[in-house]
Structures are given as structure tokens and as C-alpha cells.
Amino acid sequence: MNFYELIQKRQSVRRYINKEVEPEKLKMLIESVRLAPSASNSQPWKLIVVDEPGLSEKIALATFSKLVAFNRFAVEAPVFAVLVIEKPKVITQLGGSVKKREFPLIDIGIAAEHFCLQATELGLGTCMIGWFNEKKIKRLLNIPEKKRIGLVISLGYAPDDYKLREKIRKPVEEIHSFNKY
């Protein structure tokens, strides 16, 4: 499919079937993240792919609670990608400080979208999850205490009846202009 078709097809998937994601597809997803651009080519991320069934379930359970139940779908996902924010190059740190920008956050966003678009192209569904119990996931994955998890992404096959939803977006006139604000 061409790129426009791909971005039309990519959506947050919140239902998964019980089907393993093939190792060759996981390798392609990892390579897609590796090739993502970043400020000063810092690549300030560590991608942890969680495909072990028992561990994957524990990660899923760390994305919701009794009070915050909107990620309950995660228990159906067979795989999770956890993007840990790593320290960028010194030049990127200096530039970020001078320009008051969090370049690593921008960079992991780009890497995450590479992951999700590649997954869509491979016939897989994803959902970026920003609400999770960071301490619990860090403990489960042996992530050093001083590191931060930027994003968790659920991954798997959506059921055949999972329909492509209409994209609800602001009107184009509200999100762009030419040559001035």
C-alpha cells in the first residue's frame, strides 16, 4: 500500500485475538525503530519487546487499575513494546537546554510511530499507551530506577470483525496555515 493508504489504515486497536506475532515480524518492527530519525542521531531509546506470555500479561495488568480502567483491553495483547528514554548525545542535550525542547520525547514519538506504521503494514494492530504503572513495569523488566519509560505499545492481531473507524479530526482549516500563524 502507499503511504497515504497506510496512514488511513493505522488506528489504535483495542481488541486482539489469541495469536502469536511471528518472530520475523518482530524483527522488522525492531528494525523500523532502529531506522527512525532522531535529533543529532542520538537514538535516545531502548526498545524492550515483551512477547513472553506470562510477562506480557503482567505488563498488561500494569496499564490499568480499579480506578483507571480504560486500558483493560491490554490483557488481550500478546506483545508489548516498551520504549525507555535514554540519554541523548551531549550536543542534543545542549541544544535542548538552549532551545527549551525535550528532544528525546520528540524522538521516541517518531520511533513509536515508525513501529506502529510498520505494524499496520504487516497486518498487525497497535495502541500507544501513555497511562501505566511505571514503577511496576520497571520492576518487571529490570529497567534501572533512574530511567523513564516514555511509552508502552500493545501489539497483536485484531479480530477479523475489527472495523476501520472513521478518523475524527479537526477540520483542515483549523490545523494549518501558510506563511503566518
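Report yes if some residue within the stretch 78-97 is part of a helix (DSSP H, G or I), modelled with pLDDT of 95 or more and of a type in the set (Gly, Ala, Ser); otherwise report no. No. Here is the figure for the stretch 119-136: residues that are in contact (Cβ under 8 Å) with a residue 60 or more places away in the chain, under 30 Å from Leu164 (Cβ atoms) and either surrounded by 13 or more Cβ atoms within 10 Å (Cβ to Cβ) or small (Gly, Ala, Ser) (or both) total 11. Assess whether Ile85 counts as being surrounded by fewer than 19 Cβ atoms within 10 Å (Cβ to Cβ), touching a strand residue (DSSP E or B) at 6+ places or on another chain (Cβ under 8 Å) and either among the β-branched types (Val, Ile, Thr) or within 25 Å of Leu122 (Cβ to Cβ) (or both). Judged against the criteria, Ile85 is a match. The residues in the stretch 35-60 that are touching a residue at least 24 places away in the same chain (Cβ under 8 Å) and closer than 21 Å to Leu140 by Cβ can be counted, and the count is 13. Pick out the one residue from Leu155, Leu140, Leu124 that is more than 25 Å from Glu5 (Cβ to Cβ) and touching a strand residue (DSSP E or B) at 6+ places or on another chain (Cβ under 9 Å). On inspection, the qualifying residue turns out to be Leu140.
Of all residues in the stretch 8-34, those that are assigned to a strand (DSSP E or B) have Cβ atoms under 9 Å from Cβ atoms of residues that are hydrophobic (A, V, I, L, M, F, W, C) and modelled with pLDDT of 95 or more, 6 or more apart or on another chain, in Ser12/Cys116; Ser12/Cys127; Ser12/Met128.
Do we have Val152 as surrounded by fewer than 17 Cβ atoms within 10 Å (Cβ to Cβ), out of contact with any helix residue (DSSP H, G or I) (no Cβ under 6 Å at 6 or more places or on another chain) and at negative phi here?
On the way: surrounded by fewer than 17 Cβ atoms within 10 Å (Cβ to Cβ): no; out of contact with any helix residue (DSSP H, G or I) (no Cβ under 6 Å at 6 or more places or on another chain): yes; at negative phi: yes.
Judged against the criteria, Val152 is not a match.
The residue that is farthest from Val21 (Cα to Cα), counting only those in the stretch 159-181 that are of a type in the set (A, V, I, L, M) and in contact with a Lys or Arg (Cβ under 9 Å, 6 or more places away or on another chain), is Ile175. Is one or more of the residues making up the stretch 9-19 under 23 Å from Ile137 (Cα atoms), aromatic (Phe, Trp, Tyr) and at pLDDT 95 or above? There is at least one residue in the stretch 9-19 that is under 23 Å from Ile137 (Cα atoms), aromatic (Phe, Trp, Tyr) and at pLDDT 95 or above. Considering only residues in the stretch 127-181 that are of a type in the set (Val, Ile, Thr) and outside any helix (DSSP H, G or I), the one that is farthest from Val50 (Cα to Cα) turns out to be Ile168.
The values are calculated or read from the model by the stated rules, or taken from the named source; none is laboratory data. Note that this is a predicted model, so its numbers are computed, not measured. In this analysis, Cβ positions are derived from the backbone assuming ideal geometry, glycine residues included, and neighbour counts consider all displayed protein chains.
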